[in-house]
């Protein structure tokens with residue numbers, strides 16, 4: 001049983017984990033700068049980079065739990081590496097909000113312009129809906145960030161703390177809706193939408209596999225609990241006859257060698273139960289790993305093809321996006337939070353001024 005409870009080996013030292021996460025943030029901003037249009041400002045690039053990195057890290061936190069269940073019987077309440085990833089996701093999302101606010105102010109508007117029309121009514125178009133989901137996600141990640149420390153872990157106890165941390169599922173949904181609606185607002189190409197949807201599908205598949213494994217092991221624990229009284233009775237009967245068995249084993253000698261009796265050679269019911277549980281768990285883990293790795297492999301191949309196509313378009317000096325050469329467009333904007341693309345296109349496209 002000790003082999004089953006072996007702790008997960010994915011956990012690296014915290015300084016190393018934080019270095020990797022900082023590098024992920026840096027690489028995300030660099031990629032955003034490569035994909036930026038010639039007239040795009042640095043703040044716009046940082047807004048894109050921190051937003052997508054934050055969404056990616058939120059997805060990673062939701063995949064780490066199911067992967068961990070392939071190594072241990074039950075997930076711990078607190079995984080240090082997952083908590084660090086969540087903290088960096090919060091920092092990226094907060095930075096994304098700050099850069100968005102700076103852009104809105106630099107355009108001569110106010111922060112209320114993200115959610116309200118000129119007459120004070122709430123925006124009900126796709127721009128307003130996207131910003132409302134973004135605000136809800138920012139408040140949720142801020143709430144989770146406040147709880148992500150040892151003080152609240154001890155104050156709330158493990159079960160209550162874990163229940164509150166499940167708001168991460170709400171964060172995943174609202175952040176995904178915000179990202180997809182913004183991609184529609186600003187007219188990004190299908191490639192970016194496909195990448196986000198593919199990553200979201202990976203999270204959903206991983207969560208489903210984790211749920212199946214959790215239910216299977218819960219049922220096994222219930223079945224084991226039912227067999228405990230029978231095992232206890234057997235142990236009492238064995239203890240009553242232990243002296244006779246020991247004397248019989250010591251008295252039976254052939255040419256000076258001790259002959260083991262059949263009762264000593266047979267494993268007890270608890271040992272057989274543990275052995276069967278290990279076999280079942282090994283088979284479950286093998287099947288789950290095969291399904292998970294197959295799904296991840298297919299998604300990786302599709303993403304690789306998409307990235308290669310986008311790189312080919314960039315090398316050919318062609319626009320990798322189907323509708324625009326600029327993230328926000330280049331024409332003048334109005335007070336409703338949208339602007340119109342350059343008149344060089346045959347059909348004007350409504351764009352958002354913020355992300």
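The values are calculated or read from the model by the stated rules, or taken from the named source; none is laboratory data. Predicted, not measured: the structure shown is a model, and the values here were computed from it. Glycine also receives a Cβ, built like all others from the backbone with ideal geometry; neighbour counts cover every protein chain displayed.
Answer yes or no as to whether residue 156 is in a helix (DSSP H, G or I), under 16 Å from the mean Cα position of the chain (by Cα) and surrounded by 15 or more Cβ atoms within 10 Å (Cβ to Cβ).
On the way: in a helix (DSSP H, G or I): yes; under 16 Å from the mean Cα position of the chain (by Cα): no; surrounded by 15 or more Cβ atoms within 10 Å (Cβ to Cβ): yes.
Here the answer is no, as residue 156 does not meet what is asked.
Keeping to region 105-119, report how many residues are in contact (Cβ under 8 Å) with a residue 60 or more places away in the chain and out of contact with any helix residue (DSSP H, G or I) (no Cβ under 6 Å at 6 or more places or on another chain).
Within region 105-119, the subset in contact (Cβ under 8 Å) with a residue 60 or more places away in the chain is 106-107, 109, 113-114, 117-118.
Now restrict to residues that are out of contact with any helix residue (DSSP H, G or I) (no Cβ under 6 Å at 6 or more places or on another chain): 106-107, 109, 113, 117-118.
Number of matching residues: 6.
The residues on offer are 36, 32, and the sole one that is surrounded by 21 or more Cβ atoms within 10 Å (Cβ to Cβ), modelled with pLDDT under 90 and in contact with a helix residue (DSSP H, G or I) (Cβ under 6 Å, 6 or more places away or on another chain) is 32.
Is it true that residue 145 is surrounded by fewer than 18 Cβ atoms within 10 Å (Cβ to Cβ), farther than 23 Å from residue 44 by Cα and in contact with a helix residue (DSSP H, G or I) (Cβ under 6 Å, 6 or more places away or on another chain)? The answer is yes for residue 145. Among the residues making up region 112-143, a single one is under 14 Å from residue 100 (Cα atoms) and part of a loop (DSSP other than H, G, I, E, B): 115. Candidates 175, 201, 179: the one that is farther than 21 Å from residue 66 by Cβ and modelled with pLDDT of 90 or more is 179. All of (1) crowded, with 22+ Cβ neighbours inside 10 Å; (2) modelled with pLDDT under 90; (3) closer than 30 Å to residue 64 by Cβ hold for residue 80 with one exception: (1). When residue 188 is tested against (1) modelled with pLDDT under 80; (2) surrounded by 12 or more Cβ atoms within 10 Å (Cβ to Cβ); (3) assigned to a helix (DSSP H, G or I), only condition (3) is not met.
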